[in-house]
Amino acid sequence: MLYHRLYPIEFNHCDPAGIVFYPRYFEMTNSVVENFFADVAGRSFASMHRGAQNGVPTVRIEADFMAPSYLGDKVLFSLK
């Protein structure tokens, strides 16, 4: 199954030159995972972490930055 989310690059994602500050991609990636659980699995991260203390840990993450993203771009994230 594939889950897609088009993420608009906003001012708060960028450095003064208008280029995405690379660590912000990891925040966006986590947002895509949170939205997947809410939209597809029907469980919010808040409900998973409250009480039962269930969660979705990141065991390993790796990224290759091929090209910069700029303020106003739209980046397509895909979760498989």
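The values are calculated or read from the model by the stated rules, or taken from the named source; none is laboratory data. None of these values were measured; they are calculated from a predicted model. Ideal geometry is used to build each Cβ from the backbone, glycine not excepted, and the neighbour counts take in all protein chains shown. The protein model used for the area step is the full one, side chains on, heavy atoms only, and it has no ligands, DNA or RNA in it. Shrake-Rupley method; radii C 1.70, N 1.55, O 1.52, S 1.80 Å.
Counting only residues that are touching a residue at least 60 places away in the same chain (Cβ under 8 Å) and either over 14 Å from the mean Cα position of the chain (by Cα) or within 22 Å of Lys80 (Cα to Cα) (or both), how many does the range 10-27 have? Adding up the residues that qualify gives 1. Residues in the range 43-55 that are surrounded by fewer than 13 Cβ atoms within 10 Å (Cβ to Cβ) and either in contact with a Gly (Cβ under 6 Å, 6 or more places away or on another chain) or not charged (D, E, K, R) (or both): Ala46, His49, Gly51, Ala52, Gln53, Asn54, Gly55. Annotation: Val20 fulfils all but one of (1) open to solvent by 70 Å² or more (accessible area, probe 1.4 Å); (2) in contact with a His (Cβ under 6 Å, 6 or more places away or on another chain); the unmet one is (1). Can you name the residue in the range 1-16 that is among the aliphatic types (A, V, I, L, M) and at pLDDT 95 or above and, of all such residues, is surrounded by the fewest Cβ atoms within 10 Å (Cβ to Cβ)? Among them, the one singled out is Leu6.
Restrict the check to the range 38-53 and report whether at least one residue is free of Cβ contacts under 8 Å to residues at least 24 places away in the same chain, in contact with a Ser or Thr (Cβ under 7 Å, 6 or more places away or on another chain) and not polar (S, T, N, Q). Among the residues of the range 38-53, at least one is free of Cβ contacts under 8 Å to residues at least 24 places away in the same chain, in contact with a Ser or Thr (Cβ under 7 Å, 6 or more places away or on another chain) and not polar (S, T, N, Q), which makes the answer yes. Only one of the listed residues (Ala67, Ala63, Ala17, Ala46) is assigned to a helix (DSSP H, G or I) and not aromatic (Phe, Trp, Tyr). That residue is Ala46. Looking across the range 62-80, the residues that are open to solvent by 90 Å² or more (accessible area, probe 1.4 Å) and within 14 Å of Cys14 (Cα to Cα) come down to Tyr70, Leu71, Lys74. Check whether at least one residue in the range 32-46 is of a type in the set (Val, Ile, Thr) and under 15 Å from the mean Cα position of the chain (by Cα), and report yes or no. Yes, that holds for at least one residue. Evaluate the following for Ile19: is it at pLDDT 95 or above and hydrophobic (A, V, I, L, M, F, W, C)? Yes: the conditions hold for Ile19.
Answer yes or no as to whether Val40 is open to solvent by 60 Å² or more (accessible area, probe 1.4 Å) and within 19 Å of Met1 (Cβ to Cβ). Against the criterion (open to solvent by 60 Å² or more (accessible area, probe 1.4 Å) and within 19 Å of Met1 (Cβ to Cβ)), Val40 qualifies.
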